Amino acid sequence: MNRPDLDEVLWQAWKDMELPEGYRAEIIEVSAAGRLSHARVVNRLRDALERFLGEGECAAYQAMNVIFRRKGWIPDLFIAPEDPEPCADEGGLGVDAAAVRLVAEVVSPGKRNQDRDRVRKRREYARAGIPVYVIIDDHDGRGAVTLFTGPRPDQADWEDIHRVPYGTEVVIPEGPAKGFTITEAITGPARAEK
């Protein structure tokens, strides 16, 4: 019996999906858009990266699909070529993951959201070979930034993982954002102990 494989079924469903305004679909799950505090951090990061990248060959993007092997994600922010058209996936649904130089997620409250960014997306971005993954996480102790570099696609993991508490500067070590510093001006101050 010929049955379509699960990835193909999910891919077709995702392409045809119409969600209510304010929701987004990623093949791994459907989630509500982030809270105000989440959006504030993402916007600070995007604005700072746009200034840093200037008129270079790459730009910072939000609300756009990243596609890898019939899976699609909507990162909070990513860096890809200034003109994303030549980097589009075969169906024109988003940017092919091979063109993405950095991806960042700001973790939302709730175990499912935290697991998605800390575990599932961490593995998927490594599988896709995206060179740099940044997690800004209010829910990790008093707040932490974790920088992942050196993806190992065959192991769905990373060579180097550098985690620092809020208030400690994090410098992007490679790619178009090399030298960009994530500071408290982006993350906000460390959170009080709960």
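The values are calculated or read from the model by the stated rules, or taken from the named source; none is laboratory data. What you see is a predicted model; the values in this text were computed from it and never measured. For neighbour counting, all protein chains shown are included, and Cβ atoms are generated from backbone atoms with ideal geometry for every residue, glycine included.
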Worksheet entry | Flag if LYS194 is touching a Pro at 6+ places or on another chain (Cβ under 9 Å) and modelled with pLDDT under 95 | no
Discussion item. Given (1) within 17 Å of the chain's Cα centre (by Cα); (2) over 18 Å from THR187 (Cβ atoms), identify the lone condition not met by ILE136.
Written reply: (2)
Worksheet item: Among VAL170, VAL145, which is without any contact (Cβ under 8 Å) to a residue 40 or more places away in the chain and surrounded by 14 or more Cβ atoms within 10 Å (Cβ to Cβ)?
Response: VAL170
Practice prompt. Kindly check whether there is at least one residue in the stretch 170-183 that is touching an Asp or Glu at 6+ places or on another chain (Cβ under 9 Å) and charged (D, E, K, R).
Written response: no
Item to complete: Only one of these is modelled with pLDDT of 95 or more and in contact with a Cys (Cβ under 8 Å, 6 or more places away or on another chain): ARG101, ARG152, ARG127. Name it.
Response: ARG101
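Table: residues versus (1) out of contact with any helix residue (DSSP H, G or I) (no Cβ under 7 Å at 6 or more places or on another chain); (2) small (Gly, Ala, Ser).
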{"residue": "ALA59", "(1), (2)": "no, yes"}
{"residue": "MET64", "(1), (2)": "yes, no"}
{"residue": "PHE68", "(1), (2)": "no, no"}
{"residue": "ASP76", "(1), (2)": "no, no"}
{"residue": "GLU82", "(1), (2)": "yes, no"}
{"residue": "GLU85", "(1), (2)": "yes, no"}
{"residue": "GLY92", "(1), (2)": "yes, yes"}
{"residue": "ALA98", "(1), (2)": "yes, yes"}
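Kindly provide the set of residues from the stretch 54-73 that are assigned to a loop (DSSP other than H, G, I, E, B) and either on the phi > 0 side of the Ramachandran plot or of a type in the set (Ser, Thr, Tyr) (or both), ordered by number.
Scanning the stretch 54-73 gives GLY54, ALA63, ARG69, ARG70.
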Worksheet item: What number of residues within the stretch 80-103 are of a type outside the set (Asp, Glu) and either more than 24 Å from ASN43 (Cβ to Cβ) or in contact with a Lys or Arg (Cβ under 9 Å, 6 or more places away or on another chain) (or both)?
Response: 10
Discussion item. Condition first: on the phi > 0 side of the Ramachandran plot and part of a loop (DSSP other than H, G, I, E, B). Can you find one or more residues in the stretch 74-88 that meet it?
Written reply: no
Discussion item. Closer than 20 Å to PHE180 by Cβ, without any contact (Cβ under 8 Å) to a residue 40 or more places away in the chain and not hydroxyl-bearing (Ser, Thr, Tyr): which single residue out of PRO151, PRO86, PRO131, PRO75 fits that description?
Written reply: PRO151
Discussion item. Anything in the stretch 102-130 that is within 18 Å of ILE172 (Cβ to Cβ) and surrounded by fewer than 19 Cβ atoms within 10 Å (Cβ to Cβ)? List them, or say none.
Written reply: GLY129
